[in-house]
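Since the structure comes first, as structure tokens, the remarks are kept for the end.
None of the figures in this text is laboratory data; all of them are computed from the coordinates on show. Computed from a predicted model, the values in this text were never measured in an experiment. Positions of Cβ are generated from backbone atoms using ideal geometry, with glycine treated the same way; all protein chains shown enter the neighbour counts.
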């Protein structure tokens, strides 16, 4: 059972990842732009990562899957980090109103915040699995 702050953080994270995943399907071209050229099948990778975000977000809401979903999303964040670096280095813009280069670089440390957020919601500290006691 999660504490109230962790429960709220978990629900917000779930919504965040499901919406982010859906955006991969609604606007795939934007995401394809930031896939580094050395990664093959950029469009397929965009759809796969979007599906993973949706699945992970839903998994966060299911107590039995929360820890696995959180770790899956953490692995995804690490896997897509090269795309974030590529976006910053090459100043790839996703919108009609260009973002300053500083904001593109500021996005990189946010990945660590997202990882911490997932670690925070995955499990209540100090809780261990109960074994059957007779």
note = Connecting every pair of Cα atoms under 10 Å apart in the chain and solving the GNM, the largest mean-square fluctuation among 16, 25, 38 falls on 38
inquiry  = So I have [x] 22, 18, 14; [y] 24, 16, 13; [z] 32, 15, 13, and one of them is semi-axes √(5λ) of the Cα gyration tensor in Å calculated from this model. Which one is it?
reply    = [z]
remark   = Most fluctuating of 35, 46, 92 in the GNM of the chain (C-alpha, under 10 Å) is 92
remark   = Distance in nm between residue 44 and residue 12 label points, each 7 Å along Cα→Cβ, equals 3.8
query = Roughly what angle does helix 101-122 make with the longest principal axis of the chain, taking Cα atoms, 0 to 90 degrees, to the nearest 10?
reply = 20
remark   = With the 8 Å Cα cutoff and a minimum separation of six or more residues, region 4-120 has a relative contact order in percent of 29
request  = Would you please give the FRET efficiency between residue 30 and residue 113, computed as 1/(1 + (r/R0)^6) with r the Cβ-Cβ distance and R0 = 22 Å, to the nearest 0.05?
outcome  = 0.50
query = Helix 42-60 versus the longest principal axis of the chain: what is the Cα-based angle in degrees, 0 to 90, to the nearest 10?
reply = 20
note = Over the chain, the sum of -39500 (n - 2.57) across DSSP H runs of at least four, divided by residue number and rounded to 500 deg cm²/dmol, gives at 222 nm -24000 deg cm²/dmol
query = Of the residues 123, 97, 84, which exhibits the maximal mean-square fluctuation in a Gaussian network model of the chain defined by a 10 Å Cα contact cut-off?
reply = 97
